[in-house]
Each structure stands twice: as structure tokens, then as C-alpha cells.
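Following: one structure in C-alpha cells, then a few remarks.
The values are calculated or read from the model by the stated rules, or taken from the named source; none is laboratory data. None of the values given here were measured: they were computed from a predicted structure. With ideal geometry, Cβ positions are generated from the backbone for all residues, glycine too; neighbour counts draw on all protein chains shown. Protein only, heavy atoms only, side chains kept; ligands, DNA and RNA dropped before computing areas. Shrake-Rupley method; radii C 1.70, N 1.55, O 1.52, S 1.80 Å.
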Amino acid sequence: MRAEQNSINIEAHLGRIALFNGLDSDHMALIARTAREIRCKKGDILFYRGDPSNGFHIVIYGRVKLFFTSTQGIEKVVQIMEPGHSFGEAVMFLDKPHVVSAQALNDTLLLHVPKAAIFAELEGDPQFGRKMLAGLAMRMHQLMLDVESYSLLSGKQRIIGYLLHEIPEADQHRDDVVIELPVTKGVIASRLSLTQEHFSRILHELSSLGLIEVDGKSIHIPCVAHLAAELK
């Protein structure tokens, strides 16, 4: 993993992130000057649980998994951060160490925005503070939905829900849709709180029902409506 300063147009990338929409050019330039670029190779650890936090990260491209490992050595994937997502804001505000570890799932480009720059912006722009709160609230809402899913939905329903979520919006009502799993099946299984064996058995079950066809990371869905009907 290596960090670089200003080898890309950081200001332009920040401008595409919802959190920074509406910032005037002077404030955007100030944050951009303090942000640094971090390039990770697939498998690189960005930080470990317990490491100090002095800012937050934004994914420009690639994917990052947030995870922790139990005392028994079992890994649990908490979230998969996609391009445009940010993470680490909560522990930054709490002045606490990281509660999860972060690892690049692909070759990844991130921006690290230091705490001092965010705190300075918060003091001068209440609207920016509201955006930060909205982002944290959305993250909490998603975590609550995850808890509901793990508690109330079967493994089969969780996997179908995941596959449907991966279908581009324009293809939701089409037949013969093919999606490419963005990460390994093991990572997806952990994200859905399933063992990899259980995940594979459910994929096999869905295949035997004619609802999907699996070819490595490619999932062919002959009829999206028929697959969605299995959620009811």
C-alpha cells in the first residue's frame, strides 16, 4: 500500500462525492489540499481493528471490506465499501480506535481526509454538518436493516435479495440478465452471515429450480420476476 500526494485531481474526485456537494470552491480546495491519495493492491490491509483513527476514507475505485475476526479465527465481513462510499467517520468523531479492520478486495484508490480538515469545515458550515449527520444516519439505518435481515430472513432469501440488488436498475424488469459477482463468494457469504458451504448449497438449490445458472462469478438469471417471487 502506498500513499501519494496530488498525483490525481483530488478536488475533482471530492466534488463527485455526495458529502461534498454544495461546498464552495475555496472550502473544497482547502479539503483537497489536506487529503491524500492511497493506492492499495488487492489484499492490502488499510488498517487493523484497534489502530488509531485520524480521519476517514473515500473509495474512488475498487472495493474495501470492513471486517473483524473472532477469537475462534472466524472472519465476519461487516460491509463492502463501493466507489463513492466513505467509511471511518464515526470513530473519527468519537476519537476512538478503529472497531473493524479494512482490506482492499481489488486494486483500489482511496482518499484519506484528515480529521482536522473536517472539524474546521464543520465549524464554518452548518450545512456540511447536516450532511455528515445524514451520512452517518444512513449507515446506521443500513446496519439495522442488516440485523433485521439476519434475524428474520432465511439464507435463501438473503442470497436472492443480494442477487436482485446487484442487478442494474435498467435491467430489473428484463429476462436473461447476467450479473458478475463483484467479490469472491466467500466474502459475500460472510457479508450475509452465512458459511461458504451454506452459500454454495443455496446457489445449487436455486440452480436446480431453474432460477439461476452459475458459471464461476457469472450468475445468469433467466427471469428476474420468477427469482423475486421466491422472496414472498
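Taking segment 12-34 on its own, how many of its residues are open to solvent by 30 Å² or more (accessible area, probe 1.4 Å), part of a helix (DSSP H, G or I), without any contact (Cβ under 8 Å) to a residue 60 or more places away in the chain and within 16 Å of Gly124 (Cα to Cα)?
Residues flagged as open to solvent by 30 Å² or more (accessible area, probe 1.4 Å), part of a helix (DSSP H, G or I), without any contact (Cβ under 8 Å) to a residue 60 or more places away in the chain and within 16 Å of Gly124 (Cα to Cα) within segment 12-34 amount to 2.
Taking Gly43 as meeting all but one of (1) assigned to a loop (DSSP other than H, G, I, E, B); (2) over 17 Å from the mean Cα position of the chain (by Cα); (3) touching a residue at least 24 places away in the same chain (Cβ under 8 Å); (4) over 25 Å from Leu133 (Cβ atoms), write down the number of the exception.
In the conditions (1) assigned to a loop (DSSP other than H, G, I, E, B); (2) over 17 Å from the mean Cα position of the chain (by Cα); (3) touching a residue at least 24 places away in the same chain (Cβ under 8 Å); (4) over 25 Å from Leu133 (Cβ atoms), Gly43 misses (2) alone.
Can you tell me which residue in segment 132-146 is surrounded by the fewest Cβ atoms within 10 Å (Cβ to Cβ), limited to those that are of a type in the set (A, V, I, L, M, F, W, C) and in contact (Cβ under 8 Å) with a residue 24 or more places away in the chain?
Going through segment 132-146, the residues of a type in the set (A, V, I, L, M, F, W, C) turn out to be 132-134, 136-138, 140, 143-145.
This time we only want the ones that are in contact (Cβ under 8 Å) with a residue 24 or more places away in the chain, so: 132, 136.
On the way: Met132: 19, Leu136: 13.
Ranking the candidates gives Leu136 first.
Restricting to segment 147-158, give me the number of residues that are in contact with a helix residue (DSSP H, G or I) (Cβ under 9 Å, 6 or more places away or on another chain), part of a helix (DSSP H, G or I) and either open to solvent by 60 Å² or more (accessible area, probe 1.4 Å) or closer than 23 Å to Arg63 by Cα (or both).
Total meeting the criteria: 3.
Within segment 52-72, track down each residue that is touching a Ser or Thr at 6+ places or on another chain (Cβ under 8 Å) and not in a strand (DSSP E or B).
Gly62, Arg63
Just checking, does segment 59-73 include any residue being more than 15 Å from Val113 (Cα to Cα), among the aliphatic types (A, V, I, L, M), open to solvent by 40 Å² or more (accessible area, probe 1.4 Å) and in contact with a strand residue (DSSP E or B) (Cβ under 6 Å, 6 or more places away or on another chain)?
Here is the first cut: in segment 59-73, the residues more than 15 Å from Val113 (Cα to Cα) are 61-73.
Remaining after also requiring among the aliphatic types (A, V, I, L, M): 64, 66.
So of that shortlist, the ones also open to solvent by 40 Å² or more (accessible area, probe 1.4 Å) come out as none.
Taking every residue of segment 59-73 in turn, none turns out to be more than 15 Å from Val113 (Cα to Cα), among the aliphatic types (A, V, I, L, M), open to solvent by 40 Å² or more (accessible area, probe 1.4 Å) and in contact with a strand residue (DSSP E or B) (Cβ under 6 Å, 6 or more places away or on another chain).
Quick check on my filter: what residues within segment 100-114 are more than 21 Å from Phe68 (Cβ to Cβ) and touching a Ser or Thr at 6+ places or on another chain (Cβ under 8 Å)?
Result: Val113, Pro114.
Where in segment 165-232 are there helices (runs of 4 or more DSSP H), lying fully within it, with 2 or more residues that are over 22 Å from the mean Cα position of the chain (by Cα) and surrounded by 13 or more Cβ atoms within 10 Å (Cβ to Cβ)?
Details: elements: 185-191, 196-208, 224-229.
Counting at least 2 such residues, we get 196-208, 224-229.
Conditions first: (1) open to solvent by 60 Å² or more (accessible area, probe 1.4 Å); (2) over 21 Å from Arg63 (Cα atoms); (3) in contact with a helix residue (DSSP H, G or I) (Cβ under 8 Å, 6 or more places away or on another chain). Pro126 passes all but one, so which condition is the exception?
Only one criterion is unmet by Pro126, namely (3).
Is it true that Asp107 is in contact (Cβ under 8 Å) with a residue 40 or more places away in the chain, of a type in the set (Asp, Glu) and open to solvent by 30 Å² or more (accessible area, probe 1.4 Å)? I'd like the intermediate steps shown before the answer.
Working: in contact (Cβ under 8 Å) with a residue 40 or more places away in the chain: yes; of a type in the set (Asp, Glu): yes; open to solvent by 30 Å² or more (accessible area, probe 1.4 Å): yes.
Spelling it out, Asp107 is indeed in contact (Cβ under 8 Å) with a residue 40 or more places away in the chain, of a type in the set (Asp, Glu) and open to solvent by 30 Å² or more (accessible area, probe 1.4 Å).
Could you tell me how many of the residues in segment 74-100 are open to solvent by less than 10 Å² (accessible area, probe 1.4 Å) and more than 13 Å from the chain's Cα centre (by Cα)?
Going residue by residue through segment 74-100, those that are open to solvent by less than 10 Å² (accessible area, probe 1.4 Å) are 77, 81, 87, 92.
Applying the additional criterion that residues be more than 13 Å from the chain's Cα centre (by Cα) yields 92.
Summing the residues that are open to solvent by less than 10 Å² (accessible area, probe 1.4 Å) and more than 13 Å from the chain's Cα centre (by Cα) in segment 74-100 gives 1.
Do we find a residue being closer than 26 Å to Arg191 by Cα, out of contact with any Gly (no Cβ under 6 Å at 6 or more places or on another chain) and either β-branched (Val, Ile, Thr) or in contact (Cβ under 8 Å) with a residue 40 or more places away in the chain (or both) anywhere in segment 110-118?
As a first pass, look at segment 110-118 and keep what is closer than 26 Å to Arg191 by Cα: 110-112.
Filter once more, keeping what is out of contact with any Gly (no Cβ under 6 Å at 6 or more places or on another chain): 110-111.
Right, trim to either β-branched (Val, Ile, Thr) or in contact (Cβ under 8 Å) with a residue 40 or more places away in the chain (or both) and you get 110-111.
Yes - at least one qualifying residue is present in segment 110-118.
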